[in-house]
Amino acid sequence: MAAIELRGLTKVYPGGVKALDALDLAIPDGEFFALLGPSGCGKTTLLRTIAGLETASGGSVVIGERDVTALQPGARDVAMVFQDYALFPHMDVTDNIAYPLRIKKVAKAARHEKAAEVGARLGLDHLMDRRPGQLSGGQQQRVALARVMATQAQAYLFDEPLSNLDARLRLEARTFLKKLQRELGVTTVFVTHDQAEALAMADRMAVMESGHIRQIGTPAEVFQRPANTFVASFIGSTPMNLLDGVARGDTLEVAGCKVAVPVSAEGRVPDGTAIVYGVRPEYMTYSAEPADGAFGGKVAIVENLGASHLVTLDVGDVIVQAVVPEGSEPLVGDDGYALPRRDRALVYRDG
Ligand code: ADP
Ligand code: MG
């Protein structure tokens, strides 16, 4: 097991696409690190460059004490799980799991023993003789994980390993994979485009955009204090309200309403500054009665979130959303007021 450190890592593909732009990243030994970002931002390239499947155009990859930048994939001692599992259709589960050991010339009895041990750990013991075509998607995914775990690498690299599972299996697999990683303590880089998955699983996470890391932190830090409007709009199961405004003395004028300067921005927004005001719908207090510092408007949409509702208010020519607890949701057309929490609202200057 080992820490992973990337220094100024750059990847330019033939044709000129700069998929990684001088990335710096340090992942401590044993951490479950999630890499989150929209399609095309460079996540797969980053994993493949760590694994040695792509050659870096600049910078270095250090795994443990070793600079592996110039080493072949086989010499890097990392194991990667791909999005499509890449199982061998003509091999049974045992041989699929044992395949990397066969490549390492481990004797048949020893590799079958290892496959049985890892398979049992992943609840595959009754399926060891089946071929991939005779397994469900969730079972195939576990075989792919087992194959990686049988190799005892210094680090695991997962490229959206849950994205082919249906919603319920995916939630189960999350919990399971997280627990397993804890038990094994192997440094893991987990790529996903699903913010909920990253928040749920990661010890720490990075949010990427077009070859750059826009923020690194714990899920709580990234959720509560997104560093910029890109991260703010990418994280959260309901999108953050991001509204243009301007500082007016000791208040902010946002969407035609006067709201208080958030605690985190006190003393930082001189009069007249153009800002973007950010507050999550979860951090609004909704009321049918006017309140000082609240956004007031007409209820345009009420969406059921299960134990709560997402209320969309038309406020002037923008919309403001608030999560409202079950039982107190308004009706479309009502007048409504959403009071942001001063300790949770944010002010951006990068809008
Ligand atoms: P992600 O995994 O976040 O969706 P990728 O790492 O696959 O992103 O791609 C990052 C960028 O690099 C994209 O613009 C993509 O089109 C480009 N790219 C990926 N692989 C290649 C390749 N083999 N040759 C040229 N461009 C590539
Ligand atoms: Mg990808």
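Numerical summary
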quantity	calculated
Burial ordering of 192, 229, fewest other beta-carbon atoms within 10 Å first	229, 192
Selected from 17, 61, 315 as most flexible by GNM, with the chain as the system and alpha-carbon contacts under 10 Å	17
Coarse-grained scattering of region 25-109 at q = 0.19, 0.21 Å⁻¹, given as base-10 log I(q)/I(0) from a Debye sum over alpha-carbon atoms	-1.06, -1.17
Whole-Å distance, taken between Cα centres, linking region 278-351 and region 90-104	55
Max mean-square fluctuation residue, GNM over the chain, Cα-Cα springs under 10 Å, options 160, 117, 282	117
Rounded to whole Hz, the Karplus (6.51, -1.76, 1.60) HN-Hα couplings of region 336-347, x for glycine and proline	x, 9, 10, 9, x, 7, 4, 7, 10, 6, 9, 10
Fewest-first sequence of 166, 159 by Cβ atoms within 10 Å of each Cβ	166, 159
For region 54-62, Karplus couplings with θ = phi - 60° (6.51, -1.76, 1.60), whole Hz, Gly/Pro x	10, 8, 5, 7, x, x, 9, 10, 10
Convex hull per residue volume in Å³, alpha carbons only, for region 179-334	145
Percent of C-alpha pairs per 10 Å bin, the chain, short to long	5, 21, 25, 21, 15, 9, 3, 0
Backbone HN-Hα couplings from phi across region 74-80 [Karplus 6.51/-1.76/1.60, Hz, Gly and Pro as x]	x, 8, 8, 6, 10, 10, 10
Lys, Arg +1 and Asp, Glu -1 on Cβ, resulting dipole of the chain about Cα centre, debye, nearest 20	1520
Amide H contacts under 5 Å for residue 162, placed H, 5+ residues apart	none
5 angstrom amide H check on residue 248, placed H, neighbours 5+ away	253, 272
Where Cα atoms sit under 29 Å apart: lysine pairs in region 4-234 separated by 8 or more or lying on different chains	11
Between helix 137-149 and the chain: long-axis angle, C-alpha atoms, 0 to 90°, nearest 10	60
Charge-dipole axis of the chain as Lys and Arg at +1 and Asp and Glu at -1 on Cβ define it, positive-most pick from 315, 109, 254	109
Amide H partners (placed H, <5 Å) of residue 214, local residues excluded	207, 208, 209
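Every read-out reported here was derived from the displayed coordinates using simple, explicitly stated rules and does not represent laboratory data. Here the structure is a predicted model, which is why all the values come from computation and not from measurement. Heads up, the Cβs are rebuilt from the backbone with ideal geometry, glycines too, and the neighbour counts pull from every protein chain shown.
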